[in-house]
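Shown next, in structure tokens, is the structure this report addresses.
The values are calculated or read from the model by the stated rules, or taken from the named source; none is laboratory data. The structure presented is a predicted model; accordingly, all values stated were derived computationally and were not measured. Every residue, glycine among them, receives a Cβ derived from its backbone with ideal geometry; neighbour counts consider all protein chains shown.
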Amino acid sequence: MYVIQDKETKTYLSDFSFQMVNKNENKWLYTTYTGLLGTRFYAKKKNAQKVLNILQEYNEESALHRQMQIVEVDTDELPIGDSVYIYN
């Protein structure tokens, strides 16, 4: 399976990892995941690439400047996991 990963934190993203909290102040909530819970998995790399392109747009709009990449993971080796939050 493929996932979108934050290069710095090595955590995983979902389709909703970038959420605007306050449009007037351009405040964003960036949520990533450390394991199975919350993480979005893709059977094909091309599907992950489509979502990565969308997330890159949110990344620029939010000015969070996160480096993201697509990686292949074995879901049997991942922990249940937890959420990691960053506010800007």
Selected residue (only one of Ser83, Ser14 is without any contact (Cβ under 8 Å) to a residue 40 or more places away in the chain and small (Gly, Ala, Ser)): Ser14
Lone qualifier among Leu52, Leu64 - being among the aliphatic types (A, V, I, L, M), under 17 Å from Lys7 (Cα atoms) and assigned to a loop (DSSP other than H, G, I, E, B): Leu64
Residue count for region 19-60, restricted to those that are touching a residue at least 24 places away in the same chain (Cβ under 8 Å) and either among the charged types (D, E, K, R) or loosely packed, with under 11 Cβ neighbours inside 10 Å (or both): 5
If you go through region 2-18 one residue at a time, how many are closer than 10 Å to Phe41 by Cα, in contact with a Leu (Cβ under 7 Å, 6 or more places away or on another chain) and part of a strand (DSSP E or B)? 1
State yes or no: is Ile70 β-branched (Val, Ile, Thr), at pLDDT below 95 and assigned to a strand (DSSP E or B)? no
